[in-house]
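Novice: Handing you a structure now.
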Amino acid sequence: MTQGKHRLVTIERHIFEQQQRFPQATGTFTKMLQDMALAAKIIANQTTRAGLTNIIGATDTENVFGERQQKLDLFADRTIYEMNDHTRRLAAMASEEHEDIIDIPPHYGFGNYVLLYDPLDGSSNIDVNASIGTIFSIHRKYTRGERGTMEDLLQEGKRLVAAGYVIYGSSTMMVYTTGQGVHGFTLDPGIGEFILSHENIRVPDQPKYYSVNQGNEKYWTPGVRRYVKWLQGIEGEGHDPLGHRYIGSMVGDFHRNLLRGGIFLYPGDLQDKSKPYGKIRLMFEAQALAFIMEQAGGYASDGAGDILDIRPHSLHQRVPLFLGNTDLVRKAESYIRDYDQEWLVHYLPYRRGEKPEKVKQG
Ligand code: F6P
């Protein structure tokens, strides 16, 4: 990773220069990422004032999982939608806050891409002033017809053309990849621009941290339990323990581990055999962060194989997630292979894209 040297490179310039490498590029893609950067600035402007304005607090409505929505979630969701609905760059959208596909109003016209986003991830942290984030990913539309369809949204992660996140922390940063490395930009609030601060981020070889909700240990499978003991240097041969860091806001935990090295895990468990897949949403969280981690030299797995190979079956499906330095993630896979055959029997149909008849996601 190199810092931004002495050149002042704005996010617009960086995206534009990257696209210049492709003579066939029309500029659509550049503008789409700029639209996301603008949405991020508008959301950042509200998150930093969240304690002051009456926008903070929970609404009476619930999202599709029965979780209470924070007002800032609704604001972020609306902002991203409004930055993207009229541009003729998108054919459809999907948001973690909406059950179904979000259509583009036909009078605006349709484009060739689809956008998936989690407007404010980790929003339970808003009221306690901890980091929160926005996650987004972009697929190329491949079906016929002008309108984007569910099939366009439910593509495998390995077909992503771009992904990124914004972290609203002690400063606001936007990190993105278009498959040519991972680049990070810090918002200068004085001038309202994202400036290149972390070019070509690579996850460090020497990992420092593991991040997991340790309070769930009771429900973990035997393999995951042993694996976490291995991370702690208790199980297995002679290595130092990793430090434990978990704030419960995946963008925050992911960002720290990307810059410092380590692993984030939210495993599946056996608490309820009809739900062996854990908590993290494949289409709104896992795919995007997996693409970024792999572009930074790391790896992302559901414990059985690459996240980016999973054939999605529904917009809000959940997936176990192990995300970080490649050797740490591979080690998790090997513990699961050795000790968690019972769990794998329940989980593998999901990975293959089957949605077992009687099982309702939730
Ligand atoms: O998936 C949403 C999310 O808020 C993530 O950002 C975060 O990592 C996780 O849930 C926290 O879940 P828990 O409170 O169960 O540890």
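Just so you know, all these numbers are worked out from the coordinates, no wet-lab data involved. Predicted model, so just to flag it, every value in this text is computed and none were measured. Backbone-built Cβ (ideal geometry, glycine too); neighbour counts: all protein chains shown.
Novice: Report the calculated FRET efficiency for His107 and Asp338 (r = Cβ-Cβ distance, R0 = 56 Å), to the nearest 0.05.
Specialist: Computed FRET efficiency for His107 and Asp338: 0.45.
Novice: For the residue pair His98 and Thr26, what label-to-label distance in nm results when each label sits 7 Å from Cα along the Cα-to-beta-carbon direction?
Specialist: Output for this residue pair reads 2.2 nm.
Novice: Which residues does the label zone of Arg7 cover in segment 18-40, counting backbone N under 11 Å from a point 7 Å along Cα→Cβ?
Specialist: Answer for segment 18-40: 18.
Novice: What spacing in nm lies between the two simple spin-label points modelled at Val345 and Lys218, each 7 Å away from Cα in the Cβ direction?
Specialist: 2.6 nm
Novice: Taking the Cβ of each residue in Met150, Met32 as the centre, tally the other Cβ atoms inside 10 Å and list the residues starting with the fewest.
Specialist: Final ranking by Cβ density, sparse to dense: Met150, Met32.
Novice: What percent do you get for the relative contact order of the chain when only Cα pairs under 8 Å and 6+ apart count?
Specialist: It rounds to 15 percent for the chain.
Novice: A follow-up question, please. If r is the Cβ-Cβ distance from Gln232 to His313 and R0 is 45 Å, what FRET efficiency results, to the nearest 0.05?
Specialist: Result of the calculation: an efficiency of 0.80.
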